[in-house]
1. Show the residues, 5+ positions off or on another chain, whose built amide H is closer than 5 Å to the amide H of Asp92.
2. Quick one, can you get me the convex hull of the C-alpha atoms of the stretch 7-106 expressed as volume per residue in Å³?
3. Give me, ordered by chain and number, the residues 5 or more places off Gly99 or on other chains with an amide H under 5 Å from its own placed amide H.
4. Which order do the peptides 9-22, 26-39 come out in when sorted by mean C-beta neighbours inside 10 angstrom, highest first?
5. Through the Karplus equation 6.51 cos²θ - 1.76 cosθ + 1.60, θ set to phi - 60°, convert the phi angles of the stretch 67-75 into ³J(HN,Hα) values in whole Hz; use x for Gly and Pro.
6. Rank these by accessible area, largest first, 1.4 Å probe: Ile42, Ile78.
7. Would you mind checking which residues have amide H under 5 Å from Phe117's amide H? H placed 1.01 Å from N; only 5 or more apart, or other chain.
Amino acid sequence: MYQVGIDIGSSAAKTVVLRDGEIWKTMEMATGFSSRKTADEIYEWLEKEQVAGEGTRYGATGYGRVSVPYADKVITEITCHGKGAWKLFGKDGVVIDIGGQDSKVIRLDENGAVANFVMNDKCAAGTGRFLEMMARWNEKGFYSKSALSDTDSTKFQNGKAALKIHNIDSY
């Protein structure tokens with residue numbers, strides 16, 4: 001039995017396939033103009049990989065989560081980030097998501113539930129797209145490791161960082 005997690009963001013779509021609870025396959029692609037077309041392309045890839053079909057469960061999140069017609073469950077990025085951080089770190093903390101069009105800071109309580117969150121809603125200047133353009137301008141490459149990658153407080157995945165910060169009462 002397979003479980004498929006799909007995150008269709010504003011600029012990139014990520015897919016993870018679990019087989020027997022372990023990561024089996026991953027895929028990343030540009031989202032493009034249509035989230036629905038991206039969802040269809042992901043399904044075609046899953047068919048090619050012989051994952052799609054009866055018994056496979058699908059979860060969708062991200063900007064284009066409602067465009068995944070075959071999703072069994074649709075959840076917000078905020079909830080998804082909270083669950084993911086809890087799974088990785090197992091304690092309260094803060095998740096910082098620098099996405100393609102917005103940025104979020106999510107505080108988790110001692111039980112791993114989302115206690116509070118804030119997000120920018122005025123300008124995309126602090127988002128991943130801005131950082132990507134600055135990295136290109138600086139000829140660094142968006143997915144290159146930084147000095148933070150060697151610390152135990154940072155987990156890098158797909159060019160994004162989830163920072164664990166402890167004992168923060170408010171921000």
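The values are calculated or read from the model by the stated rules, or taken from the named source; none is laboratory data. Note that the structure is a prediction, hence the values are computed from the model and not measured. No Cβ is skipped: glycine too gets one built from the backbone with ideal geometry, and neighbour counts run over all protein chains shown. Areas reflect the complete protein model, heavy atoms only, side chains present, ligands, DNA and RNA absent. Shrake-Rupley method; radii C 1.70, N 1.55, O 1.52, S 1.80 Å.
1. Amide H to amide H, under 5 Å and 5 or more residues apart or across chains, Asp92 pairs with nothing.
2. Numbers: hull volume 9.9 nm³, N = 100.
For the stretch 7-106, the hull spanned by Cα atoms encloses 99 Å³ per residue.
3. Long-range HN contacts for Gly99: Lys104, Gly128.
4. The peptides rank, most packed first, as 9-22, 26-39.
5. Along the stretch 67-75, the couplings run 9, 9, x, 9, 5, 7, 9, 10, 10 Hz.
6. On the way: Ile42 0, Ile78 25 Å².
Largest accessible area first, the list is Ile78, Ile42.
7. The list, which skips near neighbours in sequence, is Arg107.
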